[in-house]
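**Student:** I'd like to ask you about the structure that follows.
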Amino acid sequence: MLDKLKESIKAALPELDFVMGWGMGYDPLHATPLYMYEPEDVDNLVWGPLNVHNLAVHLPSLKGKKVGIVVKGCDSRSVVELLQEGLINREDVVIFGAPCNGIVDMSKIRKAVPDAHFVHSVETDDNGLTITTDKDTHKLSLAEVMADKCTRCRFPNAVVADHFVGEKREPTVENDAYEDLESFESQGFEERRDFWMTEMDRCIRCYACRNACPLCVCRDHCVAQSRNPHWVSQRDGVRDKFMFQIIHAMHMAGRCTECGECERACPMDIPVLLLKRKLGTVIHDLFDYDSGLDAEARPPLLAFKLEEESIKEKDW
Amino acid sequence: MPVLNGRELRIVGFLCNWCSYGGADTAGVARFDQPTDLRVIRVPCSGRIDPLFIAKAFMNGADGVLVSGCHPRDCHYAEGNYYARRRLEVFKQFISVLGIEPERFEYTWVSASEGQRWQEVVTKFTNQVHTLGPLAPIPEVALSQLAQTTGTDIREEA
Amino acid sequence: MRIGVFICHCGSNIEGTVDTAEVSRIARDYPEVAFATDTMYACSEPGQDGIIEAIGEHKLDGVVVASCTPRMHEATFRNTLERAGLNPYMFEMANIREHVSWIGKDREANTNKAADLVRMAVEKLRRNQPLIAKEFDINRRVLVIGGGVAGIQAALDCADAGLEVVMVERESTIGGKMAKLDKTFPTVDCSSCILGPRMVEIAQHPNITLYACSEVDGVSGYVGNFSVKIKKKARYVDWDKCTGCGECVEKCPSRKAPNTFDEKIGPGRAINIPFPQAIPKKATINAEYCIKLTKGKCGTCEKICPSNAIDFQQQDEIITEEVGAVVAATGYDLFDWTVYEEYGGGRYPDVITSLQYERLLSASGPTGGHVKRPSDGKEPKNVVFIQCVGSRDKSVGRPYCSGFCCMYTAKQAILTKDHIPDSTSYVFYMDIRAPGKLYDEFTRRAMEEYGAQYIRGRVAMVYPDGKGNMIVRGADTLMGRQVEVQADLVVLAVGVESAKNSPQLAEKLRISYDSYGFFMEGHPKLKPCETNTAGVYLAGACQGPKDIPASVAQGSAAASKVIGLFSKEKLKSDPQTANVDIKRCIGCGKCVLTCPFGAIKEVDFRGQPKAEVIETVCQGCGICSSTCPQGAIQLRHFTDNQILAEVEAICRF
Amino acid sequence: MAKYLKNDDLGQWLSELGADYKVYAPVQEGDSIAFRPFSKGKALRIDRHATVGPKEILFPACEELLRFSYQKDEENPGRENIQVQVEENATPTLIFGSRPCDARGFDVFDGAFTQCSVKDSYYIARREQAAVVSIACTRTENTCFCNWVGGAPDGTNGSDVLLTPIQEGFVAESITEKGEALLAGSNLLAEATPEQEKEAKALRAAAHESLPEAPDFECMPEQLYGLFDNMDFWEKQSAKCISCGACTYLCPTCHCFNITDERQGNEGERLRTWDNCMSRQFTQEASGHNPRSEKAYRLKNRVGHKFCYFPELHKGHIACVGCGRCIKSCPVSLDIRQVVTSAKECRLPAEDNDNE
């Protein structure tokens, strides 16, 4: 399948400035975005559970160029959102899709293999990963180290693609039950608040969550670093950090595809995706809307109905 | 000045100029007694209210937030309250994950003529917030610094 | 900044439950407050003079007045500031009367709250910017959409006042529904006799340009400067040449075309002139039924037309007109009564609508004014009228009262007696609504002088008796029994609904409409013919069911609004508009999408898309500001920072 | 003279030190490891590099430089007096568990904050009050490259005490007088036996061995100047960068900051907060112009500063300690080693015949 993907990229490359995919990174456990300019670059392409990055994040800044992008199912939904918001032109992007079996969650790997920073080699196959460090070897099934989002994946195949190689995979689940959220919300309100305070306290305000988010399109003009409007100060207290995450989440409402890049990118491992998951289920229940599926759809918070069947207003 | 200790809670109101601010005026003209906790911010339209203003109020120590606009179909700007309804409803359902009781925030529609309804809304909402009690503001400083000043560290408790 | 704060006693209205001296003492410690005092009546002449004096003495450049609601006196105090030489927008009000002193008697709590409200006003004012209203030119032409009686009235009033008027009419003639009527209530005078001359005036008025058989295709621009695209529909007759002689109509072999003017009860032709007094009196080909246009054969009209006006090649044409104001007068349509299965659902030829009956009564109608029932041409002796067909009926989604059916039913009962003296009319009604001048007297005449039998109750069923007549079965709720009436003809008082495509037109005009498609007035009481879009006015039944006098009155009212608007030298826009920080805008277009007024356009700035506010169109709602994620578009005077400052003023102290 | 501390006594020793110092040590927080005030019973995480190093203790992410308040004249509220209050509250602080690379970062801070014409009194106060107890690395991570930039797994720069973990405890060596005092002050520390010292030495040597061979960076300033206008090179190197600040905020040597005033009512404070050169706003000028509007310029600056501009000003000291956090925590795994070696290997165009 990887060979077919490479072939298809090579065939399209002459018409394109470059194609974005994944290559191996600084150690055998880490893939990294790969920019393929020349046919020989394509030989470095890899496909597998280490391709954790959502490359769609780069597309808006490439406006004006004609580029290719390799996408997982989840990544493709971000592309659809960008198309919907007019931030990229469909004719400027060639999309290569392939069925995805799921990707790993590095923090789960770090838990399973405390020596993950000392890894020597990694082998991946359909069943999982074999990780060898300077001390020992660990066989991990993909299921135990898979990113949470993959355990509830509904779109393992690209929802939009110009070239799709391989056999389409069946979705992992039909519906997202939001069990993580349910279990979080089984706590009392004060516990939830305390949870966020301790988590947010750790934040170093590097904005990796924001910059890794393919839909945080304001980026350089984000209110987080602006005095006018002055939504947050530069203090490193919990309040401003928490406020920023609320801003991020609310700005994502009805747009977020829950690709999880915010959480993955966080160097401090703060579980910020949960906030967006909450909004995801609220939006889904209220407006029967899933983002990133239809580039022609009007996002629910930029629209309204005269009568909102699902909104039950308070009787006074 | 701090809200009257023990008697009042901090309740922020966002009212659209055309309907609900007028409704609150009407209630005043009719001398309808209301609790004194609420402080009203006048905005042109409920559509102007970014739910994040409400988040900011809670972060800074508000115990309750009330938004009121024109009834659907009566928006002075035709569509503002329709957008507001969606955004505010989403926000209301969202805040539970933050650890804020959804009952601390309500949005409703009161027309300029509905003085009585305004009195009812303010009274009931204020009581509702008092039932929940004060909401601790999110600390403006890092927890370690907070621990230094207060002597307790919520991370230790957890 | 140097801010002055004035705490008003409002006599004892505020002072009674708020310690104003204490509030002013507290206010003195607020940031940038250079002067604070309490005053007896801030709005009175001495009160205002005191403010002006303090501005001079303390070199104030911003003022907070804590008194009554800004909805009352904001304009007053802005003027005061202007008189003192300050920008009127460097002013904020704290409402300590309606929102404080009048709603509670706890003096301590009230004083504390008043001080908080003043702090909020001060914090907001610290972030105010001087604003200056922009002036712009007015194009003193008006577009009237719809050539019914309301539109005609509005157009003539405007034209007589010297304004240029463009009238667009969907049908091939103006006159609207009124032109179809035989007589009008309560005077029973001839409808076309009073309307006809007004129609002629439209045609002859030098200030009026009429586009019949045309529709508004699109509207852009804003008050004072609208640009309107008008679609002139293909009519296959060159109206410049057509003399309206009618020879083509007579000779046209295609006789299955519906005669819409006669409400489809008379014979139709593929080429047609609606009625003798039509304005413009021109022939129009119905392409659906024209043999030449459908099959390529025939062409009779082309051969016989003495002025060579037939043009089978004609296409729709788009014309652009520039105007400064728009009057919508698109009238109404009738409810589709065939949903009423119990009345036959359209299957019985002798169950007709009231408007069809008007055509049977009319001397210019298909029967020449002789009432003949459609099935066999027999003169009916028993005529049953059923009221509230498609009005006041939740089950068909029409809960509202159609307003004038009671009156025209009474009129038709009277006219039936006039036409057929030995006839009897039966009227099934729910309530009689006759609140107008001489209206109730009129319905009483129908009953008392003309012997119309009024039966209070709904009709359960209408069915043929098998002998060529209809049986109407219903309840007589006053007598508490079932009744059956044998009818030669059944006339349904079909309710009014909004004209077809009203929502689409409303969206083009960026005005709102209710759930039934009727256009929304600016205020149900105080702005009956304005809309919430500046420069767009309403006349007639497009706003809600209306009879002729009310439609005419609203037509004149709309005209007076246009004349009032145009009497200004220049228009001033409210400067509290949205404003784009072009450096922060990323051109995502979310504001463009959500602006209810089309006041934001996408422009190209050095190759980047950016939003730009058309200040004269912007109404200042601020939806864009709460939509823009990076806060690049800010509503002046209600910026994020101003609202945040108010939030902090409440929460942080 | 080396000392020996048993693993079991570590907690006790830190508690003892707590009497004179505020002790910071790496602890687990969520899925990360961070330096936090130590209290007895807290589980230390010294088996690997902390997610974020101890730099925050000497150079806080946010510090209040001063507080100000406006005092109003009762009689004439238009007249205001500003009162400014500077609180210097540096207290004796002990950083425990830093790695040699982390400690070496303080060398760079010292260069920037104490050796330039403008002395940073806030930093100096904290630095003078600080003691640093580092732990030598006996095992190197994939992202470690301290030896490339002049450091070593057992480097001593910036530390007062260096501990080498051996089987059942630590061999402790004092580097400075301050360190000597720290070791002398406790009965928990015994003289290290020659065997223990030998074991420590062997482990340290092995760590040296495990690091990849160090390239010679002598030529880097010249190479980087040579590449200054080669935007094609920098665009390709930065293509995958997402312009977040993870690398700079986790970097033990990055020391850029921003200053903002925050005011509520009549009170306010002046804050100094971390800033980062990977952000577009870093060089945003008031006019709207931005000399580093694209990420290629920003990456060039970051690498240039570390390997060229800073060394030029500070006796060749590279402003990178090879801790590898920027690689490890980078959301796109951008590898600074690869950027620098690419720059090194890049063939510069021959001097453009200036002499002709």
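**Student:** Given points 7 Å out from each Cα along the Cα-Cβ axis, report the residue C:476 to residue C:106 separation in nanometres with one decimal.
**Tutor:** A separation of 6.7 nm, rounded to one decimal place.
**Student:** Using a Cα distance threshold of under 24 Å, what count of lysine pairs results for segment C:423-566 when pairs must be 8 or more residues apart or interchain?
**Tutor:** For segment C:423-566, the number of qualifying lysine pairs is 13.
**Student:** With +1 assigned to the C-beta of every Lys and Arg and -1 to the C-beta of every Asp and Glu, and no other charges, what is the dipole magnitude of chain D about the Cα centre in debye, to the nearest 20?
**Tutor:** 800
**Student:** Moving on. If packing is taken as the average count of other Cβ atoms within 10 Å, what order do D:133-140, C:558-565, A:174-181 fall into, highest mean first?
**Tutor:** In descending order of packing, they fall as D:133-140, C:558-565, A:174-181.
**Student:** Which far-off residues, 5 or more places away or on another chain, put their amide H under 5 Å from the one on residue A:18, with H placed in the peptide plane?
**Tutor:** HN-HN under 5 Å from residue A:18: A:68.
**Student:** Express in whole angstrom the spacing between the alpha-carbon centres of segment C:372-438 and segment A:243-275.
**Tutor:** 65
**Student:** So, one more: What order do you get for C:17, C:187 when you list them from fewest to most C-beta neighbours inside 10 Å?
**Tutor:** C:187, C:17
**Student:** May I pose another question? Which longest uninterrupted range of chain C lacks any GluC sites (Glu not before Pro) assigned by DSSP to a loop state (not H, G, I, E or B) and surrounded by at most 12 other Cβ atoms within 10 Å?
**Tutor:** My reading of the result: C:1-287 is the longest stretch.
**Student:** Then there's this: Give the average, rounded to an integer, of partner chain Cβ atoms located within 10 angstrom of each Cβ in C:33-46.
**Tutor:** Average neighbour count from other chains, rounded to a whole number: 1.
**Student:** Segment A:176-192 to segment A:212-238: how many Å between their Cα centroids?
**Tutor:** So the two Cα centres are separated by 27 Å.
**Student:** Under 5 Å between amide H atoms, partner at least 5 residues away or on a different chain: which partners does residue C:578 have, H built in plane at 1.01 Å?
**Tutor:** Counting only residues 5 or more places away or on other chains, the set is C:620, C:636.
**Student:** Do you know the relative contact order of segment A:121-245, to the nearest whole percent, from alpha carbon pairs under 8 angstrom that are 6+ apart?
**Tutor:** This gives 13 percent for segment A:121-245.
**Student:** While we're here: Please report C:479, C:40, C:470 as a ranked list, fewest other C-beta atoms within 10 angstrom at the top and most at the bottom.
**Tutor:** By the 10 Å Cβ count, ascending: C:479, C:40, C:470.
**Student:** Take peptides C:364-371, B:58-65 and line them up by average Cβ neighbours within 10 Å, highest first, as a rough protection proxy.
**Tutor:** Taking the mean over residues of other Cβ atoms within 10 Å, the ranking is B:58-65, C:364-371.
**Student:** Explain nothing, just compute: Karplus ³J(HN,Hα) = 6.51 cos²θ - 1.76 cosθ + 1.60, θ = phi - 60°, for every residue of segment C:631-638 in order, whole Hz, x for Gly and Pro.
**Tutor:** x, 7, 10, 10, 7, 4, 6, 9
**Student:** Here is a follow-up. Could you tell me which of C:52, C:95, C:4 has its Cα farthest along the dipole of segment C:3-125 towards the positive end, charges placed at Cβ (Lys, Arg +1; Asp, Glu -1), taken about the Cα centre?
**Tutor:** C:95
**Student:** What percent do you get for the relative contact order of chain C when only Cα pairs under 8 Å and 6+ apart count?
**Tutor:** Relative contact order here is 13 percent.
**Student:** Using the Karplus curve 6.51 cos²θ - 1.76 cosθ + 1.60 with θ = phi - 60°, what ³J(HN,Hα) values do you get for each residue of segment C:185-190, in whole Hz, with x for Gly and Pro?
**Tutor:** After applying 6.51 cos²θ - 1.76 cosθ + 1.60, I find 8, x, 9, 6, 9, 5 Hz.
**Student:** If you rank C:519, C:566 by fewest surrounding Cβ atoms within 10 Å, what's the result?
**Tutor:** Starting with the residue having the fewest Cβ neighbours, the order is C:566, C:519.
**Student:** Could you list, in their original order, any pairs among A:149/D:240; A:72/D:240; C:570/C:610; A:65/A:278; C:232/C:568; A:63/D:295 whose Cα atoms are separated by more than 25 Å?
**Tutor:** C:570/C:610; A:65/A:278; C:232/C:568
**Student:** From the square roots a ≥ b ≥ c of the eigenvalues of the alpha-carbon gyration tensor of segment C:333-497, which class results: rounded (a/c under 1.5), prolate (a/b over b/c), or oblate?
**Tutor:** Since a/c stays below 1.5, the shape of segment C:333-497 is classed as rounded.
**Student:** Here is a further query. What's the center-to-center distance, using Cα atoms, between segment A:21-91 and segment D:29-103 in Å?
**Tutor:** So the two Cα centres are separated by 40 Å.
**Student:** Okay, moving on. Under the Karplus relation 6.51 cos²θ - 1.76 cosθ + 1.60, θ = phi - 60°, what is the ordered set of whole-Hz ³J(HN,Hα) values for segment C:521-526, x standing for Gly and Pro?
**Tutor:** Running phi through 6.51 cos²θ - 1.76 cosθ + 1.60 with θ = phi - 60° gives 6, x, 8, x, 10, 9 Hz.
**Student:** Sticking with this structure for a sec: Quick check on the protein assembly as shown: helices-only [θ] at 222 nm, where DSSP H runs of length 4 and up contribute -39,500 (n - 2.57) each and the sum goes over total residues. Nearest 500, please.
**Tutor:** Computed ellipticity for the protein assembly as shown at 222 nm equals -9000 deg cm²/dmol.
**Student:** With unit charges on the beta carbons (Lys and Arg positive, Asp and Glu negative) and the dipole taken about the Cα centre of chain A, which residue among A:232, A:101, A:183 sits farthest to the positive side?
**Tutor:** A:232
**Student:** Under 1.5 on a/c is rounded, so check that first for segment C:304-401, then, if it is not, pick prolate when a/b is larger than b/c and oblate when it is not; a ≥ b ≥ c are the square roots of the alpha carbon gyration tensor eigenvalues.
**Tutor:** Because a/c hits 1.5 or more and a/b fails to exceed b/c, segment C:304-401 counts as oblate.
**Student:** Give the long-range amide H neighbours of residue C:390: residues separated by 5 or more places, or on another chain, with amide H under 5 Å away, using H modelled in the peptide plane at 1.01 Å from N.
**Tutor:** Here C:495 satisfy the definition.
Values in this text are rule-based calculations from the coordinates and carry no lab data. Owing to the predicted nature of the structure, the values given are computational and were not obtained by experimental measurement. Cβ atoms come from the backbone with ideal geometry, glycine included; neighbour counts cover every protein chain shown.
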